[in-house]
Amino acid sequence: MTDPVAAVEIEGVTKRFGEVVAVDNIDLAIGDGEFFALLGPSGCGKTTTLRMIAGLDLPTEGSLRIFGEEVGMAPPDRRPVNTVFQAYALFPHMTVRQNIEFGLRMRGIKNPELSQRVAEATGMVRLAGMEERRPDQLSGGQQQRVALARALVNQPKVLLLDEPLGALDLKLRQEMQQELKALQREVGITFVFVTHDQEEALAMSERIGVMSEGRLLQVGTPREIYDRPASRFVADFIGRTNILEASVESASTVRLDNGALIEAETSTPAGSRVAVSLRPERVRLQPHGTTAAEGSSLDGEVRDITYLGHAVVYEVAAGPVSIEVRVEGEVGEPFAAGDEVTVAWDRGAAAVVAD
Amino acid sequence: MSGVVEVGLGRRTRRGLAVWAWAVFAFLYVPIVVLVVFSFNASSRVNIWGGFSFQWYGEALRNDVITSAIRVSLIVALVSTVVSMVLGTAVALALARYRFRGRRALDGTVYLPIVIPDITMAVMLLVFFAEAFKFIDSFGPRFTLGISTVALSHIAFNISFVCVVVRARLDQFDRTLEEAARDLYATGWQTFRRVTLPLIMPGVAAGGLLALTLSLDDVVISAFVSGPGSTTLPVYVFSSIRRGVTPELNAISTLMLTASIALVLGSLALQRRRASASQQTQVL
């Protein structure tokens with residue numbers, strides 16, 4: 001980041017619970033006004049990282065700064081951050097209004113500012129008219145909005161969201177994704193959100209940090225993460241991909257284990273063992289024997305065809321390896337199981353990932 | 001093989017069970033009805049009906065020994081209930097929330113007063129007070145058995161009951177609510193006051209109600225640890241029954257019965273009002 005002061009700056013942070021290392025020596029800087037996603041499978045340490053930013057867990061080692069101020073050991077009520085909890089954690093004995101007011105009251109903010117800010121927040125999440133209801137009288141989506149308003153009304157410098165859409169059904173989830181993005185643009189606050197859903201992370205965030213087993217594996221824009229995964233885990237975790245075992249020939253070629261030489265940029269020294277990630281939708285099927293003007297290709301035989309409605313997935317056996325090819329927007333199926341075909345792709349479609 | 005499979009009981013069995021249910025009902029309530037009816041008996045003979053009268057209620061309430069016993073009972077019940085609500089809740093919180101040296105041992109023994117027989121508890125407390133007085137008296141002040149020892153003893157067993165009830169409530173408490181409060185700038189104390197306590201309050205209130213009932217009810221322990229002038233109502237009733245059942249005792253018992261029914265109805269009404277209040281807003 002070129003930003004002079006990062007919104008959140010994590011330096012060498014480790015969190016141990018007894019013997020278990022939940023977060024293992026993480027360095028991360030999140031910029032001011034950024035929509036940042038922490039992505040990873042359950043148990044990867046993403047929630048613990050978020051909780052450390054919130055102050056709900058304290059780091060075992062390392063330094064944590066919010067806008068330059070060290071907060072690593074500060075209690076949650078002394079940090080300029082607020083959290084939207086996974087199951088919202090709305091106070092069941094309070095009305096919507098009382099829930100939203102809570103943070104302001106705790107900081108001693110009085111009327112008329114209090115009611116003005118509550119009204120503003122309520123309007124922002126389109127909850128006007130529901131102030132006197134209790135959380136159990138709201139739908140999941142409405143509860144989510146209350147949780148958002150309850151956090152945003154405090155005008156935090158950073159908003160933390162722990163799997164905010166996890167409890168919603170698919171349709172509502174997609175709606176809320178758009179709303180959250182719009183809301184973030186509107187308030188201009190840094191959003192840090194935790195999710196295990198890679199599509200959600202890709203669709204919503206400006207940058208993504210991929211975590212696994214307590215480590216931060218890669219940080220980058222959705223495009224970087226998807227097209228240039230830094231490791232086999234990232235390539236496999238984000239979207240579907242074909243992983244082909246290979247070794248490096250030169251800076252621009254690698255040899256697959258079945259003997260085929262393909263073009264791929266790499267900085268790994270020649271002779272190293274690597275893997276090549278080929279996205280199913282970035283490869284084409286061609287009649288057997290036709291070669292592309294540029295890029296690389298492999299010959300094989302169609303093994304299986306799966307019709308998905310919006311796409312057709314071909315499983316092609318090329319020697320010992322199996323390659324998944326996803327064809328979208330094509331009428332009919334030009335190839336049948338048993339056909340000899342050529343799998344081709346453009347230069348740059350194949351990404352070399354370290355082991 | 002057709003038609004509906006007969007899963008219910010036969011008609012004869014059903015009728016038999018209904019008769020049995022009425023018998024149980026009668027067994028439970030006939031003595032109460034007899035007690036209440038005879039408390040309005042104008043005759044001074046307990047078992048002979050001499051017409052309707054409030055006479056014995058008047059006599060009971062004019063009897064200084066009885067009014068004093070009622071006063072003692074009420075004071076002891078209120079003090080022990082309030083104190084054990086606070087202490088019992090504190091113990092439940094400590095056991096549910098914190099790991100400390102001796103937690104397991106305390107967790108196992110806090111319920112002891114519920115299980116051990118009243119008479120054991122009574123002897124235990126009496127011996128304890130005797131030893132404690134010996135110790136305190138060596139510094140000068142003189143303590144004797146009285147209303148304060150009765151109250152202390154009631155607190156001793158009531159803490160356990162409150163603790164059990166509150167603990168059950170705490171076990172299903174969602175701790176992220178407390179984290180949410182902390183995240184929203186509440187201090188530890190504010191979090192307890194605004195979030196934890198209101199949410200466990202039904203448990204605390206139920207424990208308190210139980211404590212109140214147990215305290216008003218206790219005979220054995222109170223009889224052992226009370227001194228002159230600190231006789232509770234149940235102890236008075238128990239000791240005067242040795243001189244024979246009097247219509248006066250019927251009147252007192254009916255009053256106690258009415259008071260405990262009122263207590264239960266009151267708490268039920270409170271719960272129902274809360275439930276219907278939230279239902280009403282749901283409709284809106």
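What follows draws every value from the coordinates through simple rules; no lab data is involved. Computed from a predicted structure; not experimentally measured. So basically every Cβ, Gly included, is an ideal-geometry build from the backbone, and we count neighbours across all protein chains shown.
What are the membrane-span-like helices in chain B by this rule: whole DSSP H runs, Cα extent along the axis at least 15 Å, mean Kyte-Doolittle hydropathy at least 0.0?
Answer set is B:11-39, B:64-97, B:118-137, B:147-171, B:197-217, B:247-283.
Once you mark the chymotrypsin sites (Phe, Trp or Tyr not before Pro) that are in a DSSP loop and have at most 10 other Cβ atoms within 10 Å, what is the longest gap between them in chain B?
For chymotrypsin sites (Phe, Trp or Tyr not before Pro) (loop position, at most 10 other Cβ atoms within 10 Å), the longest site-free span of chain B is B:140-284.
Once the other residues with Cβ under 9 Å from the Cβ of A:Val327 are scored (Lys, Arg +1; Asp, Glu -1), what is the net sum?
-2
Determine the dipole magnitude for the stretch B:64-277: charges of +1 sit on the beta-carbon of Lys and Arg, -1 on that of Asp and Glu, nothing else is charged, the reference point is the Cα centre, and the result goes in debye to the nearest 20.
500 debye
Which whole-angstrom value gives the distance between the alpha carbon centres of the stretch B:222-273 and the stretch A:167-221?
Here the answer is 65 Å between Cα centres.
Which lysines have a Cα lying under 27 Å from the Cα of A:Lys171, excluding residues fewer than 8 positions away in the same chain?
Within the straight-line cut-off, A:Lys171 pairs with A:Lys46, A:Lys181.
Any idea which of B:Met121, B:Leu268, B:Ser226 is furthest toward the positive side of the dipole for the stretch B:64-277, if Lys and Arg beta-carbons carry +1 and Asp and Glu beta-carbons -1?
Of B:Met121, B:Leu268, B:Ser226, it is B:Leu268.
Explain nothing, just the number: relative contact order of the stretch B:64-277, from Cα pairs under 8 Å at least 6 residues apart, as a whole percent.
35 percent
Shielding by partners for A:88-95, please: the mean number of other protein chain Cβ atoms within 10 Å of each residue's Cβ.
5
Could you tell me which trypsin sites (Lys or Arg not before Pro) in the stretch A:44-103 are loop residues by DSSP with no more than 11 other beta carbons within 10 angstrom of their beta carbon?
Within the stretch A:44-103, no trypsin sites (Lys or Arg not before Pro) qualify (loop, at most 11 other Cβ atoms within 10 Å).
Around A:Ile189, what is the net charge, scoring Lys/Arg as +1 and Asp/Glu as -1 over all other residues with Cβ under 11 Å from its Cβ?
Summing Lys/Arg as +1 and Asp/Glu as -1 gives -1.
Using helices alone, what [θ] at 222 nm do you get for chain B, with -39,500 (n - 2.57) per DSSP H run of 4 or more residues, divided over all residues and rounded to the nearest 500?
So the helix-based figure for chain B works out to -25000 deg cm²/dmol.
For the stretch A:112-269, give me the percentage of DSSP beta bridges that are antiparallel, rounded to the nearest 5 percent.
Taking every DSSP beta bridge with both residues in the stretch A:112-269, the antiparallel ones total about 70 percent.
Over all residues in B:173-182, what is the mean tally of Cβ atoms on other chains that come within 10 Å of each residue's Cβ?
Taking all residues of B:173-182 together, the mean is 6.
With just the Cα atoms defining each centre, how far is the stretch A:58-72 from the stretch A:82-119? Give it in Å.
Answer, in whole Å: 26.
For the Cα atoms of chain A, what angle does the longest principal axis make with the long axis of helix A:170-187, in degrees from 0 to 90, nearest 10?
Rounded to the nearest ten degrees, it is 60.
Considering just Cα atoms, how many Å³ per residue does the convex hull of the stretch B:64-277 enclose?
That works out to 166 Å³ per residue.
Mind giving me the nanometre distance, one decimal, between the label points for A:Ser63 and B:Leu257, set 7 Å out from Cα along Cα→Cβ?
About 7.8 nm, to one decimal.
Taking the Cα centre of the protein assembly as shown as the origin, how large is its charge dipole in debye, to the nearest 20, when only Lys and Arg (+1) and Asp and Glu (-1) carry charge on their Cβ atoms?
Dipole of the protein assembly as shown, to the nearest 20 debye: 4340 debye.
First select every other residue whose beta carbon is under 13 angstrom from the beta carbon of B:Ile200; then total the charges, Lys and Arg +1, Asp and Glu -1.
Neighbourhood net charge equals +3.
Placing +1 at every Lys and Arg Cβ and -1 at every Asp and Glu Cβ, with all other atoms neutral, what dipole size does the stretch B:99-194 have around its Cα centre, in debye to the nearest 20?
220 debye
Quick check on chain A: of the DSSP beta bridges with both residues there, what percent are antiparallel, nearest 5%?
The answer is about 75 percent antiparallel.
Give the residue from A:Leu202, A:Ile189, A:Ser267 lying farthest towards the positive end of the charge dipole for chain A; charges sit on Cβ (+1 for Lys and Arg, -1 for Asp and Glu) and the dipole is referred to the Cα centre.
Of the listed residues, the answer is A:Ile189.
For chain A, what does the helix formula give at 222 nm: sum of -39500 (n - 2.57) over DSSP H segments with n ≥ 4, over the residue count, nearest 500 deg cm²/dmol?
When only DSSP H runs of four or more count, the value is -7000 deg cm²/dmol.
If exposed GluC sites (Glu not before Pro) are those in a DSSP loop with at most 13 other Cβ within 10 Å, what is the longest stretch of chain A that has none?
A:133-293
Do any trypsin sites (Lys or Arg not before Pro) in the stretch A:270-355 lie in a DSSP loop with no more than 16 other beta carbon atoms within 10 Å, and if so, which?
When the trypsin sites (Lys or Arg not before Pro) of the stretch A:270-355 are filtered for loop state and at most 16 Cβ neighbours within 10 Å, A:Arg347 remain.
List the longest stretch of chain B that has no exposed loop site; here a site is one of the trypsin sites (Lys or Arg not before Pro) assigned by DSSP to anything other than H, G, I, E or B, with at most 16 other Cβ within 10 Å.
Longest gap between qualifying sites, sites excluded: B:176-241.
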